[in-house]
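Written out below as C-alpha cells is the structure these notes cover.
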Amino acid sequence: MKDTPEQMSRRALLRGGAGTCLAGGLLASSPARAGEDEAAGGKGADAPREFRLGLVTEGVAADWTLEEMLLKYERFGFDAAGVVLGRGHGISLEANFDARRQFLERTTNKTDVDLFSIETPCTLDPATAEAHVALAAEHALLAFETNTEGIVVRPCAEIGDGQPASAKRVDEAGDVLKAMAEAAAAHDREIWLEMSGDAPGLPATLRKIVERCDHPAAGIAWNCRIADVRGGSVAGAFDEVREHLRCVHLGELWTAYPYADLFRLLRESGYDRYTLARIPATPDPERVLRYYRRLWEALSAPGVAAPGDR
C-alpha cells in the first residue's frame with residue numbers, strides 16, 4: 001500500500017527534522033473510514049486491502065535484540081512493531097534520552113519497519129486514575145521520543161471481565177480515558193482502548209466509553225474475542241466500534257475465529273493501519289513467521305468469501 005499525501009510517513013518527517021513531528025499530524029490521520037467504502041473501490045469481498053501486517057514484540061519476538069527484530073521483520077514481511085516494553089529490543093521507560101534517541105535513529109534511518117504501538121499497564125479504574133493517568137503520560141512521552149504512533153490501555157477488570165457496565169461506570173471510565181487522551185495529545189500521540197476481557201457486550205461498552213471521552217486522540221484497539229462471534233461472523237461487534245477503530249490485534253490464524261470475515265469488514269471500512277499479530281514462542285520461528293504471513297495474505301485478500309458472502 002502506498003502512502004497518500006495525507007499519510008506522509010513518519011520516517012520522512014524524521015529524516016528531515018531530527019525527530020520532530022508535525023503538530024496534529026497523527027491526530028489528523030483517519031481511523032477506520034466508515035462510509036467511504038465506495039470511494040475505496042468496492043464493497044463486500046471485493047473491497048481492496050489497505051491495511052498491513054505487523055507483529056507484537058512478545059512470544060516469538062520477545063527475546064530479539066533491536067537489530068534482530070528489524071532484520072527479521074523485514075525478512076518475513078512484518079511491516080510494523082507493536083512494542084511490549086522490557087523485551088530484548090531494549091526500549092523501556094527507564095531508558096534515558098540518549099538511549100531513546102539512538103533507538104529512534106536506528107529504527108527510522110536503517111529500516112522500513114514502523115513502530116506502531118506501545119502497550120501499557122494502564123487501566124481505566126477510577127480508584128487508580130491519578131497514578132495511571134501519570135503513567136499513561138510517561139508512555140506517551142516515550143512514544144513521542146521513539147516516534148511510535150499510539151499507546152494501548154485496557155479497561156479495568158470490572159468492565160473487561162464482569163457484566164455489562166452501568167452508565168455510571170461508563171462515565172467514570174470515559175472521564176479517566178479523557179484525562180489520558182489529553183496527556184497523549186500533549187505529545188501528539190493517540191491512545192487506544194483495547195477490547196480486553198471476556199465480558200458480554202464489551203464492544204458496545206467500549207464505544208460508549210470512547211464517546212463519553214469525546215477526544216480525537218482516543219480510539220479502540222480490536223482484539224479477536226470468541227465472545228464476539230455470532231453465527232460465524234463478528235459483524236455485530238465490529239459495527240459497534242468501526243468508527244473508533246485505530247488498531248487491530250490478531251491471534252493464531254488457524255483457529256476457528258472467523259478471520260476472513262474480520263478482514264472483509266476491515267476492507268469494507270477502509271481501515272488502512274496495521275493488524276498486529278500475537279504469535280506464541282516457537283522453536284522454529286522462521287518457518288512459523290513465513291506461514292503466518294502467507295496465511296494472512298490469503299485470508300485478507302480481496303475476493304475471499306466470508307460467511308455472509310457464501
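The values are calculated or read from the model by the stated rules, or taken from the named source; none is laboratory data. Note that this is a predicted model, so its numbers are computed, not measured. Glycine also receives a Cβ, built like all others from the backbone with ideal geometry; neighbour counts cover every protein chain displayed. Protein only, heavy atoms only, side chains kept; ligands, DNA and RNA dropped before computing areas. Shrake-Rupley method; radii C 1.70, N 1.55, O 1.52, S 1.80 Å.
With a 1.4 Å probe and all protein chains left in place, how much of the accessible area of the range 223-310 comes from carbon and sulfur atoms, in whole percent?
On the way: 2020 of 3750 Å².
Using a 1.4 Å probe with all protein chains present, the range 223-310 comes out at 54 percent carbon and sulfur.
Order 200-209, 131-140, 286-295 from most to least packed using the mean count of other Cβ atoms within 10 Å.
Details: 200-209: 21.5, 131-140: 20.0, 286-295: 15.3.
The densest-packed peptide leads the list: 200-209, 131-140, 286-295.
Could you put W64, W296 in order of accessible surface area, largest first, with the 1.4 Å probe and the full protein assembly present?
Numbers: W64 25, W296 5 Å².
Reading off the accessible areas and sorting them downward yields W64, W296.
Tell me the relative contact order for the range 81-165 as a rounded percent, counting alpha carbon contacts under 8 Å between residues six or more apart.
Averaging sequence separation for qualifying contacts and normalising by length gives 32 percent for the range 81-165.
Ranked by accessible surface with a 1.4 Å probe, highest first, in what order do F144, F263 come?
F144, F263
Any idea how far apart R75 and D214 come out in nm if each label point goes 7 Å out from Cα toward Cβ?
In this crude label model, R75 to D214 measures out at 5.2 nm.
Kirkwood hydrodynamic radius, the range 169-222, all distinct C-alpha pairs: what's the number in Å? Could you put the intermediate results ahead of the total?
Values: mean 1/r = 0.0906 Å⁻¹.
About 11.0 Å, per the Kirkwood formula over Cα pairs.
Under 1.5 on a/c is rounded, so check that first for the range 218-279, then, if it is not, pick prolate when a/b is larger than b/c and oblate when it is not; a ≥ b ≥ c are the square roots of the alpha carbon gyration tensor eigenvalues. Don't skip to the end; give the middle numbers.
Values: a/c = 1.57, a/b = 1.19, b/c = 1.31.
Oblate shape, in that a/c is at least 1.5 and b/c is the bigger or equal ratio.
Starting from the Cα gyration tensor of the range 107-165, take the square roots of the eigenvalues, sort them a ≥ b ≥ c, and report rounded, prolate or oblate (rounded when a/c is under 1.5, otherwise prolate if a/b is larger than b/c, else oblate).
Working: a/c = 5.49, a/b = 2.10, b/c = 2.62.
Because a/c hits 1.5 or more and a/b fails to exceed b/c, the range 107-165 counts as oblate.
Taking 8 Å as the Cα distance limit and 6 or more residues as the minimum spacing, I'd like the relative contact order of the range 93-246 as a percentage. Before the final figure, lay out the partial values.
On the way: 259 pairs, mean separation 32.0, N = 154.
Relative contact order for the range 93-246 comes out at 21 percent.
How far apart, in nm, are two points set 7 Å out from the Cα along the Cα-to-Cβ line at E252 and at A157?
2.6 nm
Suppose R0 equals 35 Å. What FRET efficiency, 1/(1 + (r/R0)^6) with r the Cβ-Cβ distance, do A131 and N109 give to the nearest 0.05? Mind dumping the intermediate values first?
Details: r = 36 Å, r/R0 = 1.03.
Once the sixth-power term is evaluated, E becomes 0.45.
With a 1.4 Å probe and all protein chains kept in place, how do D198, D161 rank by accessible area, largest first? Each step should come with its number before you reach the end.
Values: D198 125, D161 105 Å².
Putting D198, D161 in descending order of accessible area: D198, D161.
Dipole of the range 239-285, Cα-centred, from +1 at each Lys and Arg C-beta and -1 at each Asp and Glu C-beta, to the nearest 20 debye? Please list the in-between numbers first.
Values: 6 positive and 8 negative charges, 28 e Å.
Around 140 debye, computed over the range 239-285.
Could you give me the percent of Cα pairs per 10 Å distance bin for the range 199-310, shortest bin first, beginning at zero and ending with the bin that holds the maximum distance?
Per 10 Å bin, starting at zero, the Cα-Cα P(r) for the range 199-310 comes out as 13, 44, 31, 11, 1 percent.
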